[in-house]
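As structure tokens, the structure follows; a few thoughts come after it.
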Amino acid sequence: MNDLNTLTELFTQFPGIGPRQARRFVFFLLRQNEGYRTTFIRAIQNTAAHVKQCSHCLRYAQLHIKTSLCDLCADSSRVDEVLMLVEKDTDVEQMEKSGAYTGRYFVLGGTVSVTGKKSYMREKELAVFLKKYGFGLTEIILALSATPDGEYTTDYLSAKFKEDSELTGATVTVLGRGLSTGSELEYADAATLKQALKNRV
Ligand SMILES: [Zn+2]
């Protein structure tokens, strides 16, 4: 494979990027000056070196060195008894922008596909997390996207939590319908998220 194709192939692995768009990225990089490319490469290296997965919520963030916790997990003013499950790191960022939520997070990293055959989420990690912290929870909020896979995962997890004896003290809630059908959480604006959180059932 030549260098042009290798770089194109790397970009096609980005979420939502097809071969044509990947090729445009490559030519864009070629047209920039050396300084831009050096900054770009360093930014990737620095991010990879300094941004790690939080040991608690599993999102990627700049962590506190001693605790390996992100800012949100290290913040003792947040409510420990309420846990929100989201699909992606960006969902946490959106929810934080809404300013309506003060509890804890766990990032699933994906969903169970609607066919029920494939799971892209951190199921094992979630089980470990709930074993450790589940008994103290009063509410678990399922904040998945209003997509078929998101809804399937909500049902799947609700059923699972009902059978979990460690979670008897926790009410399982789902974000209310202010979120339009088919929409992903990361594209919802702050007001919509605030409303969806208020209307949880
Ligand atoms: Zn965290």
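Out of THR12, CYS73, THR173, whose Cα points farthest toward the positive end of the dipole of the chain (charges: +1 Lys, Arg; -1 Asp, Glu; placed on Cβ)?
THR12
Under 1.5 on a/c is rounded, so check that first for region 79-139, then, if it is not, pick prolate when a/b is larger than b/c and oblate when it is not; a ≥ b ≥ c are the square roots of the alpha carbon gyration tensor eigenvalues.
Numbers: a/c = 2.63, a/b = 1.25, b/c = 2.12.
The shape class here is oblate.
5 Å is the cut-off here: which amide hydrogens, built 1.01 Å from N in the peptide plane, fall below it relative to VAL174, excluding neighbours closer than 5 in sequence?
Correct list: LEU142, VAL201.
State whether region 61-201 is rounded, prolate or oblate according to the following rule on the C-alpha gyration tensor (a ≥ b ≥ c being the square roots of its eigenvalues): a/c under 1.5 gives rounded; otherwise a/b larger than b/c gives prolate, and the remaining case gives oblate.
On the way: a/c = 1.37, a/b = 1.09, b/c = 1.26.
It comes out rounded by the Cα gyration axes.
Size of the dipole of region 1-113 about the Cα centre, Lys and Arg at +1 and Asp and Glu at -1 on the beta carbon, nothing else charged, in debye to 20? Don't skip to the answer; put the middle values down first.
Values: 13 positive and 12 negative charges, 92 e Å.
Using only the charged Cβ atoms, the result is roughly 440 debye.
Between ALA127 and THR168, what length in nm is gained on full extension when 0.36 nm per residue of separation is reduced by their alpha carbon distance?
Details: separation 41, 0.36 × 41 = 14.76 nm, distance 1.50 nm.
Stretched fully, the ALA127-THR168 segment lengthens by 13.3 nm.
Output ³J(HN,Hα) for region 120-128: one whole-Hz value per residue in order, computed from phi by the Karplus curve 6.51 cos²θ - 1.76 cosθ + 1.60 with θ = phi - 60°, and x for Gly and Pro.
Listing the rounded values in order: 9, 9, 7, 5, 5, 5, 5, 4, 5 Hz.
For the chain, what's the relative contact order in percent, using C-alpha pairs closer than 8 Å and at least 6 residues apart? Numbers along the way, then the final one.
On the way: 295 pairs, mean separation 31.2, N = 201.
It comes to 16 percent, rounded to a whole number.
Rounded to the nearest 20 debye, what is the charge dipole size of region 66-201 about its Cα centre when +1 sits on each Lys and Arg Cβ and -1 on each Asp and Glu Cβ? Mind showing how you got there, number by number?
Values: 17 positive and 21 negative charges, 39 e Å.
Dipole magnitude for region 66-201 comes out near 180 debye.
Based on the alpha-carbon gyration tensor of region 3-50 and its eigenvalue square roots a ≥ b ≥ c, which shape applies: rounded if a/c is under 1.5, prolate if not and a/b is larger than b/c, or oblate? Don't jump to the answer; show the numbers that get you there.
Working: a/c = 2.37, a/b = 1.31, b/c = 1.81.
Oblate, since a/c reaches 1.5 and b/c is not below a/b.
Using 0.36 nm times the number of residues separating LYS160 and TYR120, minus their current alpha carbon distance, what extension gain do you get? Write out the running numbers ahead of the final one.
Numbers: separation 40, 0.36 × 40 = 14.40 nm, distance 1.64 nm.
Gain in length upon complete extension: 12.8 nm.
Just so you know, all these numbers are worked out from the coordinates, no wet-lab data involved. What you are looking at is a predicted structure, and each value in this text was computed from that prediction instead of being measured. Heads up, the Cβs are rebuilt from the backbone with ideal geometry, glycines too, and the neighbour counts pull from every protein chain shown.
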